[in-house]
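K.L.:
Sharing a structure with you now.
The values are calculated or read from the model by the stated rules, or taken from the named source; none is laboratory data. Everything numeric in this text was worked out from a predicted model, so none of it was measured. Neighbour counts are summed over all protein chains in view; Cβ atoms, including those assigned to glycine, are modelled from backbone coordinates with ideal geometry. The area values use the complete protein model at the heavy-atom level, side chains included, leaving out ligands, DNA and RNA. Shrake-Rupley method; radii C 1.70, N 1.55, O 1.52, S 1.80 Å.
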Amino acid sequence: MHLSDYVALVAIYLLYKALNECLKGKLPSAPAAVGRGLGILVFGQFVTLGLMNYLVSRFGTEGFQQFSADYVAMLYVPIGIIYTLLAGYIAARSYEGTKSMNVKMVAGIGLLPQVLFTVFNFNEGVSSYLVLVLLIPCVLIGGHLNKCSYNKTLKAGS
């Protein structure tokens with residue numbers, strides 16, 4: 001195994017632990033919920049896109065790498081949307097009564113890292129711009145999903 005294989009395994013483990021803590025851990029205070037939402041927004045996209053590019057570079061053959069890289073670029077939109085929905089969901093997961101404010105803060109502050117993702121994404125096409133445009137609506141939808149959620153184990157923590 002190469003060093004990059006170990007780095008990929010550690011990244012997968014850290015992403016799993018972060019998602020598990022955010023979704024099933026103890027209910028945080030409002031500032032901590034905002035921090036968790038922003039953390040998942042940035043860390044989740046960064047790690048997932050990095051892992052996909054790693055898989056293409058590690059396991060793709062010469063002729064297949066460009067084909068796979070195009071698929072990575074196409075999957076940028078669903079990955080970005082999933083993590084923006086999660087960011088809103090996690091920001092609204094607080095024991096304080098500031099859920100709406102938390103979601104709005106994540107939507108506003110989350111624009112800066114998403115702009116950086118968009119600027120430094122060297123893929124052709126509109127995929128990175130689409131995620132940037134959908135950031136605020138998806139975060140708001142994620143917060144609304146948390147408010148309407150009937151899954152009490154995710155809301156109450158374990």
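K.L.:
Taking the mean number of other Cβ atoms within 10 Å as a proxy for protection, how do you rank 75-81, 52-58 from highest to lowest? If you can, show how the numbers build up before the last one.
P.N.:
On the way: 75-81: 17.9, 52-58: 14.3.
Ranked by mean Cβ neighbours within 10 Å, highest first: 75-81, 52-58.
K.L.:
Something else: Compute, for LYS147, the solvent-accessible surface of its heavy atoms (probe 1.4 Å) with the complete set of protein chains present, and express it in square angstrom to the nearest 10.
P.N.:
Counting only protein heavy atoms, the figure is 100 Å².
K.L.:
Continuing with this model, one more query. Got a sec to turn the phi values of the range 30-39 into Karplus ³J(HN,Hα) couplings, 6.51 cos²θ - 1.76 cosθ + 1.60 with θ = phi - 60°, whole Hz, x for Gly and Pro?
P.N.:
4, x, 5, 5, 5, x, 5, x, 5, x
K.L.:
Subtract the Cα-Cα distance of TYR6 and MET101 from 0.36 nm times their separation in residues, and report this length gain in nm to one decimal.
P.N.:
Value of the extension gain: 30.3 nm.
K.L.:
Can you flag which of LYS17/LYS104; LYS24/LYS147; LYS26/LYS104; LYS26/LYS99; LYS24/LYS104 are past 20 Å Cα-Cα?
P.N.:
Beyond 20 Å: LYS17/LYS104; LYS26/LYS104; LYS24/LYS104.
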